[in-house]
Amino acid sequence: MDERGGGLVQLWAGFFVFLAMLLFAVQVLFNLYAASVVTAVSYDAARRVAGSDGGPSHVADAEDQARQSLGRYAGRVTFDWSASSPEEVVLRVQSDNPSVLLPVVAGPMAFDRLDRTIRIRVEKFR
């Protein structure tokens, strides 16, 4: 192979390494943003329910408001209030993040799934 051919191979190899790093950075940033937003919205929903002494109607209202805050991303999120008790509101939130990485790489890196549990004591006036 002549000198020009070897340089071209190095150029393409460098391009693919740059592209892989760029896609990885985009995936990390998207995952951090999604985790931050979903956690904040979920905490607000659980706090609303705990501040209103719980109850199914308050849970439904808080979940609806959380879904409105998440917009289109709400379709990827599940809310589980089943572990709540009269003294504590427990909200487990799970979501599936879209991936820009190849499935072989994305799965082991754990960027595709978000799982949070929020626990807040119910406020009661004495």
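The values are calculated or read from the model by the stated rules, or taken from the named source; none is laboratory data. Keep in mind that this is a model prediction, so the values were computed, not measured. Here Cβ is always computed from backbone atoms with ideal geometry, including for glycine, and neighbour counts include all displayed protein chains. Accessible surface is based on the protein model in full, side chains and every heavy atom, while ligands, DNA and RNA are left aside. Shrake-Rupley method; radii C 1.70, N 1.55, O 1.52, S 1.80 Å.
With all protein chains present, how much of the accessible area of the chain (probe radius 1.4 Å) comes from carbon and sulfur, to the nearest whole percent?
Details: 5300 of 8740 Å².
Its accessible area is 61 percent carbon and sulfur atoms.
Per residue, what accessible area does the chain have, given a 1.4 Å probe and all protein chains present, in Å²?
On the way: 8740 Å² over 126 residues.
Spelled out: the 1.4 Å probe surface of the chain, per residue, equals 69 Å².
Per-residue ellipticity at 222 nm from helix content only, as computed over the chain with -39500 (n - 2.57) for each DSSP H run of at least four residues, stands at -20000 deg cm²/dmol.
What size of dipole, in debye to the nearest 20, comes out for the chain about its Cα centre when the only charges are +1 on Lys and Arg C-beta atoms and -1 on Asp and Glu C-beta atoms? Intermediate values should be presented prior to the final figure.
On the way: 13 positive and 14 negative charges, 53 e Å.
About 260 debye.
Give the peptides 94-100, 70-76, 10-16, 40-46 in descending order of average Cβ contacts within 10 Å, highest first.
Numbers: 94-100: 16.0, 70-76: 13.1, 10-16: 10.0, 40-46: 20.0.
Descending mean neighbour count gives 40-46, 94-100, 70-76, 10-16.
Within region 57-85, find all residues whose amide N lies under 15 Å from a label point positioned 7 Å from the Cα of Val122 along Cα-to-beta-carbon. Only 57-60, 81-85 pass the distance filter.
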